[in-house]
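Colleague: After the structure tokens below, expect a handful of questions from me.
The values are calculated or read from the model by the stated rules, or taken from the named source; none is laboratory data. On a predicted model such as this, the values are computed, not experimentally measured, just so you know. Methodologically, a virtual Cβ is constructed for each residue, glycine included, from the backbone with ideal geometry; neighbour enumeration extends over all protein chains shown.
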Amino acid sequence: MARILTVGAAQLGPVPRTDSRRQVVERLITLLRQAHARGCRLVVFPEAALTPFFPHWYMDDPAEINAFCEREMPGPDTRPLFDEARRLTMGFYLGYCELTEADGLLRRFNTSILVSERGEIIGKYRKIHLPGHADYRPGQKYQNLEKYYFAVGDLGFPVWRAFGGVVGMCICYDRRWPESYRVLGLQGAELVLLGYNTPLEGVAGPVEPAHLPMFHNWLSMQAGAYQNATWVVGVAKAGLEEGVYQIGGSCIIAPTGEMVARACTDGDELIVAECDLDLGKRLKETVFNFAAHRRIEHYGLITRQTGAVSPE
């Protein structure tokens, strides 16, 4: 019998810098209720969903920077989302900026959490692949300062048994690296949840034809889904946010690599798919049977024979 999980990808339009957390949470709750009306058990929100994507501009006052981060989850402003999810018996993925303190040291992480239908946090992931630069660069159209604002994630790529399957998480730039999907795939991931904020142009202006940012966005997720026989739910911020246009393009991708649902606006939009968690089983047993076909022990020998630099 098929294991069907109905999933909602809840794309967000721009989040203005003037909007409060409570205002943004109200938008999330509206999308959550729409998803409930359409039969969803799980809703996926974008990366850094609670605020505008502040790494696109430079700040040097720690208090100003930390105001974009959450010291606790749920906190007073986000508690209503958890309460409504529990009332509706729905789970969700939420990306946000996290502020932690250990041994007197404050650190910020680009974080996502997986929340059960009971409103309980069952998983946390901290973004590992941080794009951009760690120094302010005057004269650029906008900044890309994730390396300046965030620490590299320290939780690895875990998976969780939840929602009737095996669930993994990653965030934005992680999706461009095959290792992200493969580490999850090696643990049997059947569903990968992925929030992102991706600008249309590079920080210094256009660096490639205008059609390529969206093409590469979908290509990386579709390849990751197919090569690891897993569903991928990629959910974006979209539209012009504080002077930076985010491409959007939220989508739900099957283990075959086929896109089964896709957002068509640059605003708040819910797309839904009935995801058969057994759909990747045939691929995992045949084409991508890692135990039978993956030959990692020979990779070093092959590189030496071809004259490439050996990994050893």
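Colleague: Out of the residues in region 41-50 that are assigned to a loop (DSSP other than H, G, I, E, B) and within 15 Å of the chain's Cα centre (by Cα), which is surrounded by the most Cβ atoms within 10 Å (Cβ to Cβ)?
Modeller: Pro46
Colleague: Separate question: Return the residue satisfying two criteria in turn: it lies in region 224-246 and is among the charged types (D, E, K, R) and either surrounded by fewer than 24 Cβ atoms within 10 Å (Cβ to Cβ) or not assigned by TED's automatic domain parsing to the domain that holds Asn144 (or both), and of such residues it is nearest to Arg182 (Cα to Cα).
Modeller: Restricting to residues being among the charged types (D, E, K, R) and either surrounded by fewer than 24 Cβ atoms within 10 Å (Cβ to Cβ) or not assigned by TED's automatic domain parsing to the domain that holds Asn144 (or both), the top hit is Glu241.
Colleague: Let me ask something else about it. Considering only residues that are on the phi > 0 side of the Ramachandran plot and in contact with an Asp or Glu (Cβ under 6 Å, 6 or more places away or on another chain), which ones fall in region 82-115?
Modeller: Hit for region 82-115 is Thr89, nothing else.
Colleague: Could you tell me which numbered condition Val159 fails, if it satisfies all but one of (1) farther than 24 Å from Leu12 by Cβ; (2) in contact with a Phe, Trp or Tyr (Cβ under 8 Å, 6 or more places away or on another chain)?
Modeller: All conditions are met except number (2).
Colleague: Could you tell me whether Leu32 is within 19 Å of Arg118 (Cβ to Cβ), under 21 Å from the mean Cα position of the chain (by Cα), modelled with pLDDT of 95 or more and in the same structural domain as Arg137 (by TED's automatic domain parsing)?
Modeller: So Leu32 fits the description; yes.
Colleague: Of all residues in region 76-124, which are hydrophobic (A, V, I, L, M, F, W, C) and over 13 Å from Val43 (Cβ atoms)?
Modeller: Listed by number, the residues that qualify are Cys97, Leu99, Ala102, Leu105, Leu106, Phe109, Ile121, Ile122.
Colleague: Any chance you could count how many residues in region 79-114 are surrounded by fewer than 21 Cβ atoms within 10 Å (Cβ to Cβ), of a type outside the set (D, E, K, R) and more than 17 Å from the chain's Cα centre (by Cα)?
Modeller: 10
Colleague: Any idea how many residues of region 127-185 are within 25 Å of Leu200 (Cβ to Cβ), of a type in the set (Lys, Arg) and free of Cβ contacts under 8 Å to residues at least 40 places away in the same chain?
Modeller: 1
Colleague: Hey, can you tell me all the residues within region 112-158 that are in contact with a Pro (Cβ under 8 Å, 6 or more places away or on another chain) and not charged (D, E, K, R)?
Modeller: Gly123, Tyr125, Gly132, Tyr142, Gln143, Asn144, Leu145, Tyr148, Tyr149, Phe150
Colleague: Here is a further query. Of the numbered conditions (1) closer than 20 Å to Ile253 by Cα; (2) surrounded by 15 or more Cβ atoms within 10 Å (Cβ to Cβ), Arg38 satisfies every one except a single condition; which is it?
Modeller: Condition not satisfied by Arg38: (2).
Colleague: Same structure, new question: Can you pull out the residues in region 195-250 that are within 20 Å of Asn110 (Cβ to Cβ) and free of Cβ contacts under 8 Å to residues at least 24 places away in the same chain?
Modeller: Residue satisfying the conditions is Gly202 alone.
Colleague: Here is a follow-up. I'd like to check something: does region 185-196 contain any residue that is farther than 22 Å from Ala263 by Cβ, within 17 Å of the chain's Cα centre (by Cα) and assigned to a loop (DSSP other than H, G, I, E, B)?
Modeller: Checked region 185-196: at least one residue is farther than 22 Å from Ala263 by Cβ, within 17 Å of the chain's Cα centre (by Cα) and assigned to a loop (DSSP other than H, G, I, E, B).
Colleague: Among what's in region 164-175 and is among the small types (Gly, Ala, Ser) and out of contact with any helix residue (DSSP H, G or I) (no Cβ under 6 Å at 6 or more places or on another chain), pick the residue that is surrounded by the fewest Cβ atoms within 10 Å (Cβ to Cβ).
Modeller: Gly164
Colleague: Test Glu72 against the criterion of being assigned to a loop (DSSP other than H, G, I, E, B), in contact with a Gly (Cβ under 9 Å, 6 or more places away or on another chain) and surrounded by fewer than 21 Cβ atoms within 10 Å (Cβ to Cβ), and give yes or no.
Modeller: When the stated conditions are applied, Glu72 does not pass them.
Colleague: If you don't mind, another one. Of the residues that make up region 197-211, is at least one in contact with a Leu (Cβ under 7 Å, 6 or more places away or on another chain), buried (at least 18 other Cβ atoms within 10 Å of the Cβ) and modelled with pLDDT of 95 or more?
Modeller: no
Colleague: Can you name the residue in region 153-163 that is in a loop (DSSP other than H, G, I, E, B) and not aromatic (Phe, Trp, Tyr) and is also surrounded by the most Cβ atoms within 10 Å (Cβ to Cβ) among such residues?
Modeller: Selected residue: Gly153.
Colleague: Exactly one of these conditions fails for Pro14: (1) part of a loop (DSSP other than H, G, I, E, B); (2) in contact (Cβ under 8 Å) with a residue 40 or more places away in the chain; (3) in contact with a helix residue (DSSP H, G or I) (Cβ under 6 Å, 6 or more places away or on another chain). Give me its number.
Modeller: (3)
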